[in-house]
Each structure stands twice: as C-alpha cells, then as structure tokens.
Amino acid sequence: KQEVTQIPAALSVPEGENLVLNCSFTDSAIYNLQWFRQDPGKGLTSLLLIQSSQREQTSGRLNASLDKSSGRSTLYIAASQPGDSATYLCAVVNDYKLSFGAGTTVTVRA
Amino acid sequence: NAGVMQNPRHLVRRRGQEARLRCSPMKGHSHVYWYRQLPEEGLKFMVYLQKENIIDESGMPKERFSAEFPKEGPSILRIQQVVRGDSAAYFCASSPLGVGRNTGELFFGEGSRLTVL
C-alpha cells in the first residue's frame, strides 16, 4: 500500500524567502507525481506534473524534482509572496489511483 | 468554463437522510474519480468510474455509499442514511486517460461539502 508523507506539516516564512517542501513515498513503482495547491474551503489546483521518467519540472517560480528510486520529491517555490499562502499537496499515481500526502500548510508573512 | 463542475457546493443533511453529489467531468474526459477529505485529514480515494462502469470501488464504504456514471449526465455519488461521520468534503476529478495508462493530470472540481447535523 502506498504511503505518502509530507514534511513539514506547516511552514511560516517572511516574504521573499525561498520555500522547500518535501514529499516521500514508499512504493517507487509510480506513473507520475503531481503537486497541488489547496486554498481554504476550495478545490485542488494542479501546479506541476512530473512523469516517472522525468527528474524535474518547472513552471515560473515553481520547480519540482523527483527521485523515484529513493521515493522523494521536493517542491521549490522561489521568492515567496503572501499569495503563496496555501496548503500544498503531493500525490503519486500507482495505476489510476492518486495517493495523497496530508499536505504542508504554508504561511508567507508580508 | 471547461473545468470539472460539482454541485451542490454545500449540502446540509440530518442524520438518516440521503445525500446526492453530482459531478460533471471536463469535456472529453470519460474517467471520473471520487475522493473524500475528512477534517484535518488527507484526501482518500473512494471510487473510479468510466461511462456506465465502476472500475474500482475499493475505497468506498460497503454500505450506504454508491456511485454511478451514466451514459448521459453527470456522475452521482449517493450516500444513504447519512451519519455525522460522513461530514466531509467530497471531491471529483476527471481524466481523459484510462486504467494503467494514467500518465496525464487529474483535474479536480471545487468539491461538495457535506455537513450532517
């Protein structure tokens, strides 16, 4: 059974600081890994999708790396802004199921 | 708006009543997934459906819960005789790709928040 862990559970940083969010998973036989953002009371917004054959993906200030063999992914957010405050979820795909971590709640202080 | 549409966004039911949650997938997507998010917990897989077929319902409680995705119309998640423990956010996601080949993204709706009094 796939287990996904996200560390830390919560993070508070001053505006402008870089963010590093970690995700680990127990079963490396994944098709892909997806990072999502969830705002309070809202749905999930897809941020980045990394295929199992890829090592990283970039979109604007976001960069996600994937080390499938060690079961780890890291999401980097450069030059954080107050608008980045949200919960960030990591999810891995085995077959057709997404297994989610519990998320990292980020607060960026102005 | 071509996104995944869920309704109602908020639903309040008394214990013992029925809850029906609807999900219209993105245009061109024939694969629908339901996830549940309990307060302070992560999202948990419930069921995976294709048009007129339930592919995997292993995450769905055996009793009181059912799901369908008819040939025409939205996917429906039905909860009979609701209990307080059913209070949660229920998210629907859709994908254009099939079982074992899901190398694409899942797109999520805004969720339906069920409160059982």
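Evaluate the following for A:Thr5: is it part of a strand (DSSP E or B) and within 14 Å of chain B (Cβ to nearest Cβ)? For A:Thr5, the condition - part of a strand (DSSP E or B) and within 14 Å of chain B (Cβ to nearest Cβ) - is met.
Selection of segment A:17-38 for residues being part of a loop (DSSP other than H, G, I, E, B) and aliphatic (A, V, I, L, M) yields A:Ala29, A:Ile30. Restrict the check to segment B:63-82 and report whether at least one residue is over 16 Å from A:Val93 (Cα atoms), surrounded by fewer than 20 Cβ atoms within 10 Å (Cβ to Cβ), within 13 Å of another protein chain (Cβ to nearest Cβ) and at pLDDT 95 or above. Taking every residue of segment B:63-82 in turn, none turns out to be over 16 Å from A:Val93 (Cα atoms), surrounded by fewer than 20 Cβ atoms within 10 Å (Cβ to Cβ), within 13 Å of another protein chain (Cβ to nearest Cβ) and at pLDDT 95 or above.
Here A:Tyr76 does not fit the description of being in contact with a Ser or Thr (Cβ under 7 Å, 6 or more places away or on another chain), of a type in the set (Phe, Trp, Tyr) and more than 10 Å from chain B (Cβ to nearest Cβ). Quick one: in segment A:6-26, which of the residues that are farther than 15 Å from A:Ile77 by Cβ and surrounded by 15 or more Cβ atoms within 10 Å (Cβ to Cβ) is farthest from the chain's Cα centre (by Cα)? It comes out as A:Phe25. Only one of the listed residues (A:Ser53, A:Ser99, A:Ser69, A:Ser85) is modelled with pLDDT under 95, of a type outside the set (A, V, I, L, M, F, W, C) and closer than 26 Å to B:Phe91 by Cα. That residue is A:Ser99. Looking at B:Phe91, is it at pLDDT 95 or above, of a type outside the set (S, T, N, Q) and farther than 13 Å from B:Ser30 by Cβ? Taking the combined requirement at face value, the residue satisfies it. For segment A:85-110, the candidate set comprises residues that are within 17 Å of A:Pro14 (Cβ to Cβ) and in a loop (DSSP other than H, G, I, E, B); within that set, the residue that is nearest to the other protein chains (Cβ to nearest Cβ) is A:Ser85. Could you check, for segment B:33-46, whether at least one of its residues is farther than 23 Å from A:Ala29 by Cα and within 8 Å of chain A (Cβ to nearest Cβ)? Yes, segment B:33-46 has at least one match. Screening segment B:1-34 for residues that are modelled with pLDDT under 95 and in contact with a Leu (Cβ under 8 Å, 6 or more places away or on another chain) and picking the one that is surrounded by the fewest Cβ atoms within 10 Å (Cβ to Cβ) gives B:His31.
Listed here are the residues, each with its yes/no results for (1) buried (at least 19 other Cβ atoms within 10 Å of the Cβ); (2) assigned to a strand (DSSP E or B); (3) in contact (Cβ under 8 Å) with a residue 40 or more places away in the chain.
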site	(1), (2), (3)
A:Ile50	yes, yes, no
A:Gln54	no, no, no
A:Asn63	no, yes, no
A:Thr74	no, yes, yes
A:Ala79	no, no, yes
A:Gly83	no, no, no
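The values are calculated or read from the model by the stated rules, or taken from the named source; none is laboratory data. Please read all numbers here as calculations on a predicted model, not as lab measurements. In this analysis, Cβ positions are derived from the backbone assuming ideal geometry, glycine residues included, and neighbour counts consider all displayed protein chains.
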